[in-house]
Amino acid sequence: MPDLTEAFLELVRLTSTDLPPDVEASLKRAREQEASGSAAQGALDTILENVTMARQNSTPICQDTGTPIFYVQHPPGWSTTKLKGQIRAAVAEATKRTYLRPNAVDTVTGKNSGNNLGDPSFPTIHFEEVEGEDLIVDLILKGGGCENVGAQYSLPNGRIGAGRNLEGVRKVVLDAVFNAQGKGCAPGVLGVAIGGDRGSSYYASKEALFRKLDDENTDAELAKLENRLTQDANQLSIGPMGFGGETTVLGVKAKSLHRLPASYFVSVSYMCWAHRRRRMTVRGDETTYE
Amino acid sequence: MQKITLPITDDVIRELKVGDSVSLTGVMITGRDAVHKWMIDTFVKKSRKPEGDDEAVYEALKPILDGGAIYHCGPVVAGLDTGAYSFVAAGPTTSIREEPYQADVMQHFNIKAVIGKGGMGPKTLAACSEVPGVYLHAIGGAASLIAQSVQQVLTVHKLDFGVPEAIWVIDVKDFPAVVTMDSHGGSVHVEVETQSKAQLDKLLAS
Ligand code: SF4
């Protein structure tokens, strides 16, 4: 097994400093839709300028470099303990090089560890063994501001009038977007999971965020829900930063899980416009990034 | 875009209206949760005794904050090992966490501009009328761009709060922001929330 610490460091650098092309393109389209001279358009101009600057200078797009969440798919026979050690070493080094801000705070003492290494679940790393030879590592940096506006609902919900069906899902998701206002650094991307238990549901809502903005859900019903939700959410006119405007969300990605007969959870993970998501693939001696 | 130089006079504040774009130049400080709590406990409510360098830091901050600005920001800073600090990324953090403290802190120090993101609540809005002051919304996530507007890090206090929580004294040039709460009771946040609520009710009924 090779030492991939350097490769992981590059993954972290790229994710923190270089916004994925699909997200940037979507922000550019959003800019065209806002009234010229509006605060909303001004906000998107600043955002786009910032994205270019971060890429050029190799500095973090946003100073809140968030919780690093790694999803590792590895071939049979790889040591997850070693991979974890290498990822943690890369995260500490990335912090030293200011690609990441020290973000791991001991909840009991309030002390910041200074290098982004906390207990074994900070950074978050998920491992899954898969067939084939390739090692595939996805990373998102999930900022605190947008994480704080995430929400979970248990259907039915009387206050909102949401029943246990996709129409009910639509209603609670819109409620979540309304409650978030601009606080999650709108325009955001919503990861929505339906079903599961409370834990698996939130987990799946984060997984949904790994999808590209322009891909379509393979499930026709969910694809319809995603489009409807995107349209409806934008009708709320919360706009970039909550200044009011046309673009409140850039997209919605939904995922369905089996559930208990007694439970029907809907989890919404809100990802800010700084949707820092990158993938690294290791095949033999070659490492590629996308 | 209106250019504003720190410190700010009452006349300039009174002219600012919600929706105005501004660019700020001058010396300001960063401060978030730990700083606000420290200010309130030690100097406003005086529920704890000053210790260590508390008094010295307070004296150093007073002239900067009189007519000045406080920025809700936890920056990424280079040069921590050498002391030759520079800001690498410095976007705003969520302001509402300071709602319990902000009005008192504004009054105590005569702070004219509170900068952050997401807006603040009724207590701060009332303080904006009284002090008078404004809430300036920076562009959340625009961290590299704002860091570029920081010409120099003059000094840092309370580094033991941690890098994001410390008091960074910075000299900025053309720092971009939008007035979202003014000294006449106006708040973009209240407006947008009210109209989006009406829209939400329609969408839930359909
Ligand atoms: S919500 Fe996102 S863009 Fe906004 S401050 Fe947090 S990480 Fe940055």
Since residue A:125 meets every condition but one in (1) within 12 Å of another protein chain (Cβ to nearest Cβ); (2) part of a strand (DSSP E or B), which condition does it not meet? (1)
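This table checks each residue for (1) on the phi < 0 side of the Ramachandran plot; (2) within 16 Å of the ligand (Cβ to nearest atom); (3) free of Cβ contacts under 8 Å to residues at least 60 places away in the same chain; (4) outside the structural domain of residue A:75 (by TED's automatic domain parsing).
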site: A:96; (1), (2), (3), (4): yes, no, yes, no
site: A:106; (1), (2), (3), (4): yes, no, yes, no
site: A:117; (1), (2), (3), (4): yes, no, yes, no
site: A:132; (1), (2), (3), (4): no, no, yes, no
site: A:151; (1), (2), (3), (4): yes, yes, no, yes
site: A:161; (1), (2), (3), (4): no, no, yes, yes
site: A:176; (1), (2), (3), (4): yes, yes, no, yes
site: A:187; (1), (2), (3), (4): yes, yes, no, yes
site: A:190; (1), (2), (3), (4): yes, yes, no, yes
Residue A:91 fails exactly one of (1) within 14 Å of chain B (Cβ to nearest Cβ); (2) under 19 Å from the mean Cα position of the chain (by Cα); (3) part of a helix (DSSP H, G or I), namely (1)
When residue A:125 is evaluated against the numbered criteria (1) over 30 Å from residue A:76 (Cα atoms); (2) away from the ligand (no atom under 16 Å from the Cβ), which criterion, by number, is the only one it fails? (1)
Can you pull out every residue in region A:223-264 that is assigned to a loop (DSSP other than H, G, I, E, B) and within 13 Å of another protein chain (Cβ to nearest Cβ)? A:236, A:237, A:238, A:239, A:243, A:244, A:245, A:246, A:248
I'm trying to understand the selection: among the residues of region A:265-284, which are more than 16 Å from the ligand (Cβ to nearest atom), more than 12 Å from residue A:190 (Cβ to Cβ) and either touching a Ser or Thr at 6+ places or on another chain (Cβ under 7 Å) or not in a loop (DSSP other than H, G, I, E, B) (or both)? A:265, A:279, A:280, A:281, A:282, A:283
Have a look at A:85, A:110 and point out the one that is within 14 Å of another protein chain (Cβ to nearest Cβ) and either under 29 Å from residue B:33 (Cβ atoms) or of a type outside the set (A, V, I, L, M) (or both). A:110
Residue check for residue B:54: out of contact with any Leu (no Cβ under 6 Å at 6 or more places or on another chain) and at pLDDT below 95: no
Among the residues of region A:134-148, write down those that are within 16 Å of the ligand (Cβ to nearest atom) and either under 15 Å from residue A:15 (Cβ atoms) or more than 12 Å from chain B (Cβ to nearest Cβ) (or both). A:139, A:140, A:141, A:142, A:143
Quick check on residue B:70: is it under 26 Å from residue A:62 (Cα atoms), out of contact with any Cys (no Cβ under 9 Å at 6 or more places or on another chain) and more than 11 Å from chain A (Cβ to nearest Cβ)? yes
Can you tell me how many residues within region B:106-131 are over 20 Å from residue B:29 (Cβ atoms) and out of contact with any strand residue (DSSP E or B) (no Cβ under 8 Å at 6 or more places or on another chain)? 6
Out of the residues in region B:122-163 that are free of Cβ contacts under 8 Å to residues at least 12 places away in the same chain and within 12 Å of chain A (Cβ to nearest Cβ), state the one that is farthest from the ligand (Cβ to nearest atom). B:160
Evaluate the following for residue B:181: is it modelled with pLDDT of 95 or more, within 14 Å of chain A (Cβ to nearest Cβ) and closer than 22 Å to residue B:3 by Cβ? yes
Identify, please: which residue in region A:53-80 is without any contact (Cβ under 8 Å) to a residue 40 or more places away in the chain and within 16 Å of the ligand (Cβ to nearest atom) and is, among those, farthest from residue B:93 (Cα to Cα)? A:55
Output the residues belonging to region B:78-106 that are over 18 Å from the mean Cα position of the chain (by Cα) and more than 16 Å from the ligand (Cβ to nearest atom). B:78, B:79, B:80, B:81, B:82, B:83, B:84, B:85, B:86
Of A:49, A:10, A:32, A:6, which residue is free of Cβ contacts under 8 Å to residues at least 60 places away in the same chain, more than 13 Å from every other protein chain (Cβ to nearest Cβ) and not basic (Lys, Arg)? A:32
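The values are calculated or read from the model by the stated rules, or taken from the named source; none is laboratory data. None of these values were measured; they are calculated from a predicted model. Because the Cβ atoms are built from the backbone with ideal geometry, glycine has one as well, and the counts that use them run over all protein chains shown.
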